[in-house]
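Presented below is the structure to which this report refers.
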């Protein structure tokens with residue numbers, strides 16, 4: 001009789017532990033999804049800034065190099081948008097996060113290349129569009145306000161990446177702990193891929209150093 005009661009007590013303790021462990025893992029995974037939502041918002045604003053930049057009227061007589069650089073920028077911006085749409089469906093899927101990371105790095109390279117070509121060719125406003133302000137006086141460096149906005153978005157993007165990675169680190173540490181990792185394996189809790197915080201160095205930056 002006593003042994004039967006002990007078995008039931010052990011079973012009850014196991015059930016209580018399993019429920020608590022599951023709730024903790026589910027809460028941590030939800031935290032990753034929530035932080036991805038914040039990152040998604042930042043990246044969406046970044047993409048909107050690029051759309052506004054591309055919508056500016058282009059000057060006449062652009063150099064072929066600048067036209068090519070702007071086309072590459074447009075292509076990588078479209079790649080970012082596609083990666084965001086894919087990641088929103090399953091934000092913790094490894095392949096979706098890898099595609100998003102690649103798109104962000106490619107866009108960084110394309111932007112740096114475009115700005116370097118614009119400066120080298122002396123395009124200014126004529127090559128890259130007017131500044132995003134309604135100031136009556138001409139800007140001596142019309143690309144500078146866009147570069148400032150780019151930098152501001154990069155700061156926010158970096159913050160969003162750090163917050164997402166911190167949430168992923170907490171979740172990954174929890175599912176790696178024993179005996180919670182057995183429960184995680186049984187219930188399909190998989191590690192979440194961290195995202196690269198620092199953008200990949202562009203060829204433009206490397207050649208300038």
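The values are calculated or read from the model by the stated rules, or taken from the named source; none is laboratory data. Predicted model only: the values in this text are computed from it and were never measured. Backbone-built Cβ (ideal geometry, glycine too); neighbour counts: all protein chains shown.
Among the listed residues 134, 139, identify the single one that is part of a loop (DSSP other than H, G, I, E, B), at pLDDT below 70 and surrounded by 14 or more Cβ atoms within 10 Å (Cβ to Cβ). Answer to the selection: 139. For the range 86-108, the tally of residues that are in contact with a helix residue (DSSP H, G or I) (Cβ under 7 Å, 6 or more places away or on another chain) and either modelled with pLDDT of 95 or more or part of a helix (DSSP H, G or I) (or both) stands at 11.
Checked against (1) under 30 Å from residue 122 (Cα atoms); (2) surrounded by 13 or more Cβ atoms within 10 Å (Cβ to Cβ), residue 64 passes all but condition (2). Applying the criterion of being over 30 Å from residue 155 (Cβ atoms) and crowded, with 17+ Cβ neighbours inside 10 Å to the residues of the range 1-50, the residue that is modelled with the highest pLDDT is 25. Taking the listed residues 155, 197, the one that is closer than 21 Å to residue 45 by Cβ, surrounded by fewer than 16 Cβ atoms within 10 Å (Cβ to Cβ) and modelled with pLDDT of 90 or more is 155, with no other qualifying. Taken over the range 73-82, the residue count meeting the criterion of being over 13 Å from residue 104 (Cβ atoms) and surrounded by 17 or more Cβ atoms within 10 Å (Cβ to Cβ) is 1.
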